[in-house]
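Report on one structure; see the data block that follows.
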């Protein structure tokens, strides 16, 4: 049986949010608010941790093992398109905490972990109405942090949607907001847009922990050398510095390590999302140092022999993808139909899949994100606050009278950002 320190036991007693205590009353898993994770990275400085996209149980297992090895605070997340009501993954908003809790208890893990609902997309009034029912249900099932992503809408409606949905999010929960829909080099976020969103939220006593930007990245694998615009990110972070909001970096897969190190050290980013690379690595595909899956001369993914899934399972996955007409970027849709088949493999195969994810994430945490030894800093934050609720980092600066619905609409009309092309940029 695992031995836990007195500090860990005390933090476990007071640091788990009410929903987690209710779901897992006898658990030793240190599942915490996203605010705790952000505070730990800020305490270390010039570092960020991985928000590992848990498209499968195997990926979650590998990520947790890596965090324990690195002694790092961690976020496990999934996006609405991946794990919402119409999802293509078996892991979802309503079972992700159960996966994390089970693995942590099984392996005796002690690192603090937040359960993050990423890219909870709002595109219209119908989505807002549905969210008022769905968001509380997600917290009922163990979500401890959420990203309200209304960036698909004009800036004024983005802000108003964030304001309208905020009462449905527990005050103790981690909160991310987003400006600029993630679509690569098109429609880059601006300082003016970010200030508009953050100032308006501040006036309504809403203090996000993170802001996500369209700073040049893409979801999926980054194929060009455009990638993350570090300078733009730093400029926006400086402009909103007095509001005490950290950065959330989306779409890191495929960006080179030097660029990611710059994001960690030259901006206020504490959260870095990694998704597609982890999926590919778990399956046993050949990837480069940046997580880009490699193709052979025929344009097919290179499967490493005796790595990842069995050769039989991989052949079945390729055949299924061909039958469905799935392009390489759509192989993510294999997660749901093949999750049970993957979990039904031998322990040896399952373990090598998780170990490959562990090794990749461990290198990121130690050598790229500089998140080593941030787990104790999260424990310290809980003990210092003597609560699961870290409270807001900032305070109200803006005058609420200047940010009524009418004035928000008027101010929004004065913004004329280039939103880029229309299309499906969900993840």
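Summary table
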{"read-out": "Test: residue 171 is surrounded by fewer than 24 Cβ atoms within 10 Å (Cβ to Cβ), at pLDDT 95 or above and part of a loop (DSSP other than H, G, I, E, B)", "value": "yes"}
{"read-out": "Test: residue 182 is closer than 16 Å to residue 121 by Cα and either in a helix (DSSP H, G or I) or modelled with pLDDT of 95 or more (or both)", "value": "no"}
{"read-out": "Boolean, residue 117 is closer than 24 Å to residue 380 by Cβ and either within 17 Å of the chain's Cα centre (by Cα) or buried (at least 23 other Cβ atoms within 10 Å of the Cβ) (or both)", "value": "no"}
{"read-out": "Residue satisfying all of: in region 261-294; in contact with a strand residue (DSSP E or B) (Cβ under 7 Å, 6 or more places away or on another chain) and part of a helix (DSSP H, G or I); farthest from residue 351 (Cα to Cα) among these", "value": "263"}
{"read-out": "Of all residues in region 344-368 being more than 24 Å from residue 304 (Cα to Cα) and surrounded by 15 or more Cβ atoms within 10 Å (Cβ to Cβ), the one that is nearest to the chain's Cα centre (by Cα)", "value": "365"}
{"read-out": "Checklist (1) in contact (Cβ under 8 Å) with a residue 12 or more places away in the chain; (2) not in a helix (DSSP H, G or I) applied to residue 297, failing item", "value": "(1)"}
{"read-out": "Residue under evaluation residue 314, criteria (1) part of a loop (DSSP other than H, G, I, E, B); (2) touching a strand residue (DSSP E or B) at 6+ places or on another chain (Cβ under 8 Å), criterion not met", "value": "(1)"}
{"read-out": "From 28, 21, residue being surrounded by fewer than 24 Cβ atoms within 10 Å (Cβ to Cβ), out of contact with any strand residue (DSSP E or B) (no Cβ under 8 Å at 6 or more places or on another chain) and part of a helix (DSSP H, G or I)", "value": "21"}
{"read-out": "Per-region count, region 347-357, residues farther than 14 Å from residue 56 by Cα and without any contact (Cβ under 8 Å) to a residue 24 or more places away in the chain", "value": "2"}
{"read-out": "Residue, surrounded by the most Cβ atoms within 10 Å (Cβ to Cβ), within region 372-389, restricted to residues that are assigned to a loop (DSSP other than H, G, I, E, B) and touching a strand residue (DSSP E or B) at 6+ places or on another chain (Cβ under 9 Å)", "value": "374"}
{"read-out": "Criterion: crowded, with 16+ Cβ neighbours inside 10 Å, within 22 Å of residue 362 (Cβ to Cβ) and without any contact (Cβ under 8 Å) to a residue 40 or more places away in the chain - qualifying residue of 102, 49", "value": "102"}
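Quick grid of which residues meet (1) in contact (Cβ under 8 Å) with a residue 40 or more places away in the chain; (2) touching a helix residue (DSSP H, G or I) at 6+ places or on another chain (Cβ under 8 Å); (3) surrounded by fewer than 16 Cβ atoms within 10 Å (Cβ to Cβ):
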residue	(1), (2), (3)
313	no, yes, no
316	no, yes, no
326	no, yes, no
329	yes, no, yes
339	yes, yes, no
342	yes, yes, no
370	yes, yes, no
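The values are calculated or read from the model by the stated rules, or taken from the named source; none is laboratory data. If you're wondering where the values come from, they're calculated on a predicted model, not measured in any experiment. Cβ atoms come from the backbone with ideal geometry, glycine included; neighbour counts cover every protein chain shown.
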